[in-house]
Amino acid sequence: MLDDLVQQYSADHILVAKTDVTQRQDVLQAFALAKSAFGHIDVVFNNTRYAGLGEAESVEDADAHALLATNFWGAVSVTREAIKFFRESNPPGVAVASSRCHPCLASLAHPVWLSTLRRNMITILEPGFFQTEVANVARWSPAHPAYLKPTLPSSAMRAEWDSFVLSGDPTKAAEAFYRAATLPDPPLHLILGRDAIGLAKKMAAVLQDTAARFEHWSDDLELTSENGTA
């Protein structure tokens, strides 16, 4: 894909820099090369991640650490350098791709961290399933012996993975990402894809229902003069 773009555009329009986001120096060099080539950066699209799949008990510690080193700490490293670059060089704009339909530890942790940053600087893109190579390059852990029963959700997911249909058009998604980058007041969270929208609404409804049903548990939890309040 990048080879096609390099052939299509001249050197003053495209720069390809090999970057290992787990290596701090690579990240610094990528930003330095971009500034040297173009003088500024308008948007950083931070899509640092790969899919690691498996039952909680089947994933090896080393595999989990490697995934977090890329999906969380690698993404954090890029975001931190982007913030520094925009603070020092030009107006801010960071777009971060997360995952709404396939949440995991890293894809949940990074947006939580991002939400503590300046709102007008960050947009967390939360797409559903789009027809990319994500399914083909996903790394499955060997199935845990305790979860081999075919009726279990994880077994069904493993069995159906190769035939899973990704219905989203990645070109249209990229166009939506671009539009998001041009918004004068972009949202912190931008959910894209009917599947992602449906899941977000369902999760919001469950959370709202839970808050309403257990709201009374918070009655009379404040400190009083009898138990220590001045």
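The values are calculated or read from the model by the stated rules, or taken from the named source; none is laboratory data. None of the values given here were measured: they were computed from a predicted structure. With ideal geometry, Cβ positions are generated from the backbone for all residues, glycine too; neighbour counts draw on all protein chains shown.
Residues in region 120-152 that are in a helix (DSSP H, G or I) and at pLDDT below 90: 6 in all.
Does Lys172 satisfy being among the basic types (Lys, Arg), within 23 Å of Val43 (Cβ to Cβ), out of contact with any Lys or Arg (no Cβ under 7 Å at 6 or more places or on another chain) and exposed (fewer than 14 other Cβ atoms within 10 Å of the Cβ)?
Spelling it out, Lys172 is indeed among the basic types (Lys, Arg), within 23 Å of Val43 (Cβ to Cβ), out of contact with any Lys or Arg (no Cβ under 7 Å at 6 or more places or on another chain) and exposed (fewer than 14 other Cβ atoms within 10 Å of the Cβ).
Listed here are the helices (runs of 4 or more DSSP H) enclosed by region 1-96 that have at least 1 residues being crowded, with 18+ Cβ neighbours inside 10 Å and of a type in the set (S, T, N, Q): 75-88. From the list Ala180, Ala205, the one residue that fits, being farther than 27 Å from Ser58 by Cβ, surrounded by 15 or more Cβ atoms within 10 Å (Cβ to Cβ) and of a type in the set (Gly, Ala, Ser), is Ala180. Of all positions in region 77-97, none carries a residue that is closer than 22 Å to Val134 by Cβ and in contact with an Asp or Glu (Cβ under 6 Å, 6 or more places away or on another chain). For Phe31, are the conditions met, namely being under 28 Å from Leu67 (Cα atoms) and aromatic (Phe, Trp, Tyr)? Yes: the conditions hold for Phe31.
Quick one: which residue in Ala205, Ala211, Ala196, Ala174 is touching a residue at least 12 places away in the same chain (Cβ under 8 Å) and not aromatic (Phe, Trp, Tyr)?
On the way: Ala205 fails: touching a residue at least 12 places away in the same chain (Cβ under 8 Å); Ala211 fails: touching a residue at least 12 places away in the same chain (Cβ under 8 Å); Ala174 fails: touching a residue at least 12 places away in the same chain (Cβ under 8 Å).
Sole residue among the options that is touching a residue at least 12 places away in the same chain (Cβ under 8 Å) and not aromatic (Phe, Trp, Tyr): Ala196.
Could you please find all residues in region 158-208 being modelled with pLDDT of 90 or more, under 13 Å from Phe129 (Cβ atoms), of a type in the set (A, V, I, L, M, F, W, C) and part of a helix (DSSP H, G or I)? Result: Ala173, Ala196, Ile197, Leu199. When Leu33 is tested against (1) modelled with pLDDT under 95; (2) over 21 Å from Ala174 (Cβ atoms); (3) not polar (S, T, N, Q), just one condition goes unmet, and that condition is (1). May I ask you to list the residues in region 173-226 that are closer than 27 Å to Met121 by Cα and polar (S, T, N, Q)? Within region 173-226, just Thr182 meets the criteria. State yes or no: is Val59 farther than 29 Å from Pro184 by Cβ, touching a Leu at 6+ places or on another chain (Cβ under 9 Å) and of a type outside the set (Lys, Arg)? Criteria met by Val59.
Could you tell me whether region 31-50 includes any residue that is of a type in the set (S, T, N, Q) and more than 19 Å from the chain's Cα centre (by Cα)? Yes, some residue in region 31-50 is of a type in the set (S, T, N, Q) and more than 19 Å from the chain's Cα centre (by Cα).
Beta carbons closer than 6 Å, at least 6 apart along the sequence or on distinct chains, never pair a first residue in region 177-192 that is in contact (Cβ under 8 Å) with a residue 12 or more places away in the chain with a second that is assigned to a loop (DSSP other than H, G, I, E, B) and among the small types (Gly, Ala, Ser).
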